[in-house]
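Data first, discussion second: the structure below is written as structure tokens.
The values are calculated or read from the model by the stated rules, or taken from the named source; none is laboratory data. Quantities reported herein were computed from a predicted structural model and do not represent experimental measurements. Cβ atoms come from the backbone with ideal geometry, glycine included; neighbour counts cover every protein chain shown. When the accessible area is computed, the model is the full protein with side chains, heavy atoms only, and any ligands, DNA or RNA have been set aside. Shrake-Rupley method; radii C 1.70, N 1.55, O 1.52, S 1.80 Å.
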Amino acid sequence: MPAFVVYRLGLPMRRVTIDSPPIRVGRDPENDIVVANDAVSREHAAFMQDERRQWHVTCVSGSNPIVVDGKMVGTSAPIADMAEIVVGNDCLIVFVLNPTNAAHLVEHRQLQQVVCQRCWWTGMVSAFRDDSPCPRCGAATVEPAEAPSDVDAGMLGDAGTRVMTDGEMRSSARVIRDAKRSVLVCTDARGGRRVLSESEPCEVSRRTAELPLQGFLMIGGGFSIAWNGHTWSLTSRMFWPGVRVNGTVVKSARLRSGDVIEVGSNCFELVTE
């Protein structure tokens, strides 16, 4: 059976070996590989074999895709030895068919967290992929969010959290500052725009004066977009049709610049100015 080398930002690297697939990854403690992070779904991903014994990784989460070898994946993808899978924004899992190589990876792999300066995607990359474009929007503006994650024990607090460096704090502050300058733009035939406010949620429904939802056979109270202290979060109150973010029906989702929100024939885009 293969080994899974799990890297978490600020935590010791670890090796996981499971006797039989599927190997499940997620926030729930019942998973085989537990990733306790708010950016990770309770059941996020699963590793399994098909009838030809080819390994695949499947994104189980309906709202949080995974990144496989630098490419965003929302369904399933075949994987080979040394494949790198990013789950959430602070976890990278290396799939190792030869378990004897796992110990070497634990000792020598160099990791860092990066952030895209265009769409704010944040995730882990290894030294082998630090020049890759953003897997979410394809931009080349992906910059280190911090130093490599081989962290000294003295940087860890009592609860296992890591103290941010000055560079990390500046990067985080820049991302938050840019996120606050967001506008919800109506991109269907009627047009229109609304500047988002971090102090007041943006409500979009059939009854709102700005950017009201239009169309027949709508059941529900629309959706709202609110600032959570770090980014914008969408909450849907629609029963029919559902609210789609980038083509996927969601009840809640974290938003980034460039995200497309659709309710029936109503279409919006979140942009940064």
What accessible surface, in Å², does a 1.4 Å probe find on SER132, ignoring ligands, DNA and RNA and rounding to the nearest 10?
40
Peptides 84-95, 207-218, 242-253 ordered by average Cβ neighbours within 10 Å, highest first:
84-95, 242-253, 207-218
Integer Hz, Karplus 6.51/-1.76/1.60 couplings in order for the stretch 242-258, x for Gly and Pro
x, 8, 10, 10, 6, x, 10, 5, 9, 9, 8, 6, 7, 9, 9, 4, x
